[in-house]
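Handing you this structure, nothing more for now.
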Amino acid sequence: MPIISVIIPCYNTEKYLSETLDSVINQTLKDIEIICIDDGSTDNTPKILKKYARQDKRIKIITQKNSGVIAARNNAIATAKSEYIYPLDSDDIIAPDCLEKLYAAMIAGQGDIITCRVVMFSENGRGELSLPKPTKSNMVIHNCMVNAALFRKKDFDETGGYDPAFNATIEDYDLWMNFMFKHNKKAYRVPEILFYYRVKGRKESRNAQGASKYRELRKYMKKKYPEMRKYAVIKWAKKISRMIIKIEPNCIKIFGIPVWTRK
């Protein structure tokens with residue numbers, strides 16, 4: 001049985017798919033299965049998948065009528081044979097030792113969702129994506145992780161999977177919130193750059209196209225996870241307290257007025 005099932009939903013990504021697949025098949029962790037689910041592509045994506053499947057027996061191809069990324073991911077994960085799941089979009093890239101290092105962190109007990117540092121890249125350049133530590137208090141403000149992270153299949157099954165309500169965008173954000181708030185799972189970020197997120201133009205980017213739905217989905221998320229309000233209040237209370245009370249090496253100030261000074 002393979003250690004990790006890499007889940008790659010594919011829809012009309014012939015331009016980037018080979019680069020993504022190359023980054024997966026060349027992983028230092030070899031004991032993996034690669035499940036590529038073609039979501040009704042109308043370009044050369046199916047041909048590329050078949051070519052790679054002939055070259056690497058670890059690649060399994062599933063086809064479905066165009067139903068969206070959530071149905072594709074859920075359907076592919078349902079067929080996975082591994083204990084661990086790693087979802088990856090068909091235009092992104094992972095470092096050669098990505099899966100090995102995420103798996104090492106997982107079995108060391110550092111978290112239930114293992115992510116890493118991220119570089120965003122496009123035709124115009126690249127740069128690291130600055131993301132806060134993926135804690136509950138930070139996650140209620142905004143998503144602190146990308147859609148690619150390692151987790152246990154049994155934990156995913158307990159969440160019910162990706163919620164179809166988020167088919168337009170931020171489905172990964174909802175999944176992480178489900179893990180953390182409904183199932184009390186811990187996220188951990190490996191302190192290395194192992195994931196490369198491709199930034200595309202609006203016509204190609206699903207997230208850009210779904211941006212208008214973001215506010216509506218955030219409202220739904222707050223109803224789905226009532227604890228968000230409590231953690232948001234705690235976070236803002238701490239921020240305000242730091243603004244009011246300033247502790248320096250030799251002085252404590254409240255509203256800028258010294259109330260204690262080391263003599």
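Quick check on my filter: what residues within region 150-170 are assigned to a loop (DSSP other than H, G, I, E, B) and not aliphatic (A, V, I, L, M)? Give the steps one after another, and end with the answer.
Let us first name the residues in region 150-170 that are assigned to a loop (DSSP other than H, G, I, E, B), namely 160-163, 167-170.
Answer for region 150-170, where residues must be assigned to a loop (DSSP other than H, G, I, E, B) and not aliphatic (A, V, I, L, M): GLY160, GLY161, TYR162, ASP163, ASN167, THR169.
Conditions (1) surrounded by fewer than 19 Cβ atoms within 10 Å (Cβ to Cβ); (2) without any contact (Cβ under 8 Å) to a residue 24 or more places away in the chain; (3) out of contact with any Pro (no Cβ under 6 Å at 6 or more places or on another chain); (4) within 22 Å of ASP172 (Cα to Cα), marked per residue:
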position: LYS30; (1), (2), (3), (4): yes, yes, yes, no
position: ASP43; (1), (2), (3), (4): yes, no, yes, no
position: LYS51; (1), (2), (3), (4): yes, yes, yes, no
position: ASP92; (1), (2), (3), (4): no, no, yes, yes
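Can you tell me which residues in region 112-138 are of a type in the set (Gly, Ala, Ser) and either in contact with an Asp or Glu (Cβ under 9 Å, 6 or more places away or on another chain) or modelled with pLDDT under 95 (or both)? Reasoning before the result, please.
To start, the set of residues in region 112-138 that are of a type in the set (Gly, Ala, Ser) comprises 122, 125, 127, 130, 137.
Matches in region 112-138: SER122, GLY125, SER130, SER137.
If you don't mind, another one. With ALA104, ALA95 as the choices, which residue is in contact with a strand residue (DSSP E or B) (Cβ under 7 Å, 6 or more places away or on another chain) and more than 30 Å from ALA165 (Cα to Cα)?
Values: ALA104 fails: in contact with a strand residue (DSSP E or B) (Cβ under 7 Å, 6 or more places away or on another chain).
On inspection, the qualifying residue turns out to be ALA95.
Being touching a Pro at 6+ places or on another chain (Cβ under 9 Å), of a type outside the set (A, V, I, L, M), in the same structural domain as ARG117 (by TED's automatic domain parsing) and under 24 Å from ILE170 (Cα atoms) is the requirement here; does THR13 meet it? Break it down stepwise before answering.
Details: touching a Pro at 6+ places or on another chain (Cβ under 9 Å): no; of a type outside the set (A, V, I, L, M): yes; in the same structural domain as ARG117 (by TED's automatic domain parsing): yes; under 24 Å from ILE170 (Cα atoms): yes.
It is false that THR13 is touching a Pro at 6+ places or on another chain (Cβ under 9 Å), of a type outside the set (A, V, I, L, M), in the same structural domain as ARG117 (by TED's automatic domain parsing) and under 24 Å from ILE170 (Cα atoms).
Another one. Which condition from (1) part of a helix (DSSP H, G or I); (2) surrounded by fewer than 20 Cβ atoms within 10 Å (Cβ to Cβ) is the one that ASP174 breaks?
The single condition ASP174 does not satisfy is (2).
Next question. What is the residue count in region 7-33 for residues that are part of a loop (DSSP other than H, G, I, E, B), under 13 Å from PRO46 (Cβ atoms) and either in contact with a helix residue (DSSP H, G or I) (Cβ under 6 Å, 6 or more places away or on another chain) or among the polar types (S, T, N, Q) (or both)? Reasoning before the result, please.
At the first step, the residues of region 7-33 found to be part of a loop (DSSP other than H, G, I, E, B) are 11-16, 26-31.
Imposing the further condition that a residue be under 13 Å from PRO46 (Cβ atoms) reduces the set to 11-14.
Still in the list and also either in contact with a helix residue (DSSP H, G or I) (Cβ under 6 Å, 6 or more places away or on another chain) or among the polar types (S, T, N, Q) (or both): 12-14.
Residues flagged as part of a loop (DSSP other than H, G, I, E, B), under 13 Å from PRO46 (Cβ atoms) and either in contact with a helix residue (DSSP H, G or I) (Cβ under 6 Å, 6 or more places away or on another chain) or among the polar types (S, T, N, Q) (or both) within region 7-33 amount to 3.
A follow-up question, please. For the list (1) farther than 27 Å from ASN167 by Cβ; (2) within 15 Å of the chain's Cα centre (by Cα), I need the number of the one condition that ASN124 fails.
Among (1) farther than 27 Å from ASN167 by Cβ; (2) within 15 Å of the chain's Cα centre (by Cα), the lone unmet condition for ASN124 is (2).
The values are calculated or read from the model by the stated rules, or taken from the named source; none is laboratory data. Note that the structure is predicted; figures quoted are calculated from it, not measured. Every residue, glycine among them, receives a Cβ derived from its backbone with ideal geometry; neighbour counts consider all protein chains shown.
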